[in-house]
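The values are calculated or read from the model by the stated rules, or taken from the named source; none is laboratory data. This one's a predicted model, so the numbers in the text were calculated from it and none came from an experiment. Positions of Cβ are generated from backbone atoms using ideal geometry, with glycine treated the same way; all protein chains shown enter the neighbour counts. Please note that ligands, DNA and RNA were not included when accessible areas were found on the heavy atoms of the full protein model with its side chains. Shrake-Rupley method; radii C 1.70, N 1.55, O 1.52, S 1.80 Å.
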Amino acid sequence: MAQTHSDFIHSVAQRVRARTDEATAAMFERCFENTLGTTLREMPDGTLFMLTGDIPAMWLRDSTAQLGPYLHFAAEDETISDMIAAVSRRQIEYVLLDPYANAFNAEPDGSGHQSDLTDQSPWIWERKYEVDSLCYPVQLAHDLWATTGRTDHLGDSFARAARTIIELWRTEQDHEARSTYRFERFDCPSTDTLVRGGRGSETAPTGLTWSAFRPSDDACEYGYNVPGNMFAAVELGHIDTIATEVLNDPELAASARDLQADIERGIAEHTVVIAPSGDDIYAYEVDGRGGILLLDDANVPSLLSLPLIGWCATDDPLYLATRAFILSSANPTFFTGSLPSGTDSSGLGSPHTPVDHVWPIGLCIEALTTDDRAEKERILRLLLETDAGTGLMHESFLVTDPSVFTREWFSWANAMFCELVLDMTGLRTVERSPERHQPLTEARPA
């Protein structure tokens with residue numbers, strides 16, 4: 001690790017330590033140091049490749065989330081700003097290489113899932129198309145600019161990538177008629193491949209844009225992932241802003257606005273449904289043909305995370321009703337239990353991991369989207385109690401026994417713990433205000 005990064009880590013850790021207890025500060029410092037010390041690899045072109053953790057590949061989604069805690073300090077530390085810009089440029093190059101891929105290799109060495117039946121490349125670790133994979137690079141590029149004012153990462157490559165993203169999302173508004181994307185994996189769980197010869201379950205046009213897989217890398221049951229589409233709408237607004245204020249590209253700005261309006265109409269008309277309680281809530285997935293899936297997933301974007309991605313405020317009535325469903329026994333991915341100590345360990349999990357496994361990422365999202373300080377504190381203590389003595393966060397843990405967990409090294413989970421601590425100590429400065437983007441919630445299908 002560069003000495004400048006070591007000094008930066010120590011400086012931030014000391015600020016955290018002055019505002020919280022030692023156990024929290026110590027866990028924060030380990031998690032904060034882990035990403036900078038273990039995941040970054042400089043490329044010949046000066047960009048940075050970022051490992052997700054125990055898998056030797058770079059996910060567009062994870063790499064953005066991994067950088068979240070450092071973004072809060074980018075305006076005051078040029079080396080951190082440079083680091084984030086270098087990762088952002090690497091992300092944009094990957095989008096231009098293949099916008100349907102979710103995870104990439106550092107070199108074209110053929111690592112990863114090369115036997116998948118899709119338009120595979122030796123650069124690509126995995127080619128599971130997920131709408132959120134294209135949202136995250138835009139989010140990172142926008143947030144770095146909004147935080148620091150720098151624009152050197154927002155040149156021609158970014159503009160070309162933005163056009164590529166818009167064109168793909170337009171194509172996938174009518175997946176049945178227009179898309180050539182196919183994906184099949186063999187000798188695997190059903191969640192790792194698409195039905196109908198790699199096309200996925202059937203959909204009808206709604207204005208929403210189709211996604212093959214969820215942020216968990218599991219196949220969508222229905223083709224329109226709702227939080228993914230909300231994220232896309234938010235990031236189209238960011239493309240509009242960058243095109244207008246940085247690139248002076250009115251054509252790009254207009255195309256982003258037009259698609260954003262289409263997706264927002266689709267959300268308003270097709271995704272608000274009736275919960276078992278009788279309340280209006282957002283569905284997790286729909287297909288435009290009557291198929292509706294009511295659950296949430298700990299991976300972000302999730303319905304629980306909507307205020308964090310900039311879709312709505314934490315007090316939005318439709319969000320609050322959706323949140324109440326998510327954090328209840330009516331949601332099949334909400335698991336309840338208690339630790340051997342008697343501590344309540346209930347939380348959001350995922351179909352991606354075993355039943356009764358709670359995700360630290362989901363717990364962090366739950367805490368970051370409430371204004372209840374006592375609830376934030378309760379969740380923080382639960383996270384400290386469920387690291388299984390490793391000093392780092394995991395992908396998930398058994399709700400009754402944290403010594404049973406998945407993924408010993410998962411950088412995204414470490415980053416989310418840091419985000420929560422920074423929030424609770426008043427050091428989290430980057431907020432995604434929903435003021436420019438108000439969701440259309442007045443319409444609901446009969």
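How much of the calculated P(r) for the chain lies past 40 Å, in percent of all Cα pairs?
The calculated P(r) of the chain puts 12 percent of pairs beyond 40 Å.
How big is the Kirkwood radius of segment 309-403, worked out from every pair of different alpha carbons and given in Å to one decimal?
Kirkwood radius, segment 309-403: 13.8 Å.
How much length is gained if the chain between S11 and L427 is pulled fully straight, taking 0.36 nm per residue apart and subtracting their Cα-Cα distance, in nm to one decimal?
Full extension of this stretch gives 148.5 nm more.
Of the accessible area of the chain, with the probe set at 1.4 angstrom, what percent is carbon plus sulfur?
Carbon and sulfur atoms account for 49 percent of the accessible area of the chain.
Treat segment 1-80 as a sphere of radius equal to its Kirkwood radius over Cα pairs and apply Stokes-Einstein at 10 °C in a medium of 1.306 mPa s; give the translational diffusion coefficient in µm²/s, rounded to a whole number.
117 µm²/s
On a full-extension model of 0.36 nm per residue, what is the gain between L384 and S121, subtracting their alpha-carbon distance, rounded to one decimal in nm?
Gain in length upon complete extension: 90.6 nm.
Would you please put 46-57, 92-103 in order of how densely packed they are, using the mean number of other Cβ atoms within 10 angstrom per residue and starting with the highest?
92-103, 46-57
With θ set to phi - 60°, apply the Karplus curve 6.51 cos²θ - 1.76 cosθ + 1.60 along segment 102-119 and write out the HN-Hα couplings as whole Hz, x wherever there is a Gly or Pro.
Listing the rounded values in order: 10, 9, 10, 8, 6, 9, x, 9, x, 6, x, 8, 6, 8, 4, 8, 6, 7 Hz.
Amide H to amide H, which residues 5 or more places from S346 or on other chains are under 5 Å from it, using H placed in the peptide plane?
G337
Counting only Cα, what are the radius of gyration and maximum Cα-Cα distance Dmax of segment 241-373, in Å?
Answer for segment 241-373, Rg first and Dmax second: 17.6, 59 Å.
Using protein chains only and a probe of 1.4 angstrom, how many square angstrom of L320 are accessible, to the nearest 10?
It works out to around 80 Å².
For L247, what charge total do you get from the other residues with a beta carbon under 12 Å from its beta carbon, if Lys and Arg give +1 and Asp and Glu give -1?
-3
With the crude spin-label approximation of a point 7 Å out along Cα→Cβ, what separation in nm comes out for A18 versus M43?
For the pair A18/M43, the computed spacing is 3.8 nm.
Fully extended, how many nm does the chain gain between R257 and A177 (0.36 nm per residue separation, minus their Cα-Cα distance)?
Using 0.36 nm per residue and subtracting the Cα-Cα distance, I get 26.4 nm.
Taking θ = phi - 60°, what integer Hz values does the Karplus form 6.51 cos²θ - 1.76 cosθ + 1.60 yield along segment 14-21, in sequence order, with x for Gly and Pro?
5, 5, 5, 4, 6, 10, 8, 7
With springs only between Cα atoms under 10 Å apart, run a GNM on the chain and tell me which of S396, S179, S81 wobbles the most.
S179
With +1 on each Lys and Arg Cβ and -1 on each Asp and Glu Cβ, and nothing else charged, work out how big the dipole of the chain is about its Cα centre, in Debye to the nearest 20.
Approximately 100 debye in magnitude.
Given the DSSP H assignment, sum -39500 (n - 2.57) over each helix run of at least 4 residues in the chain and divide by its residue total; what's the result at 222 nm in deg cm²/dmol, nearest 500?
That comes out to -14000 deg cm²/dmol.
E107 to T241: FRET efficiency via 1/(1 + (r/R0)^6), r the Cβ-Cβ distance, R0 41 Å, to the nearest 0.05?
The value I calculate is 0.75.
Taking the radius of gyration and the Kirkwood hydrodynamic radius from Cα positions alone, what is the Rg/Rh ratio for segment 91-245, to two decimal places?
Expressed as Rg/Rh, it is 0.97.
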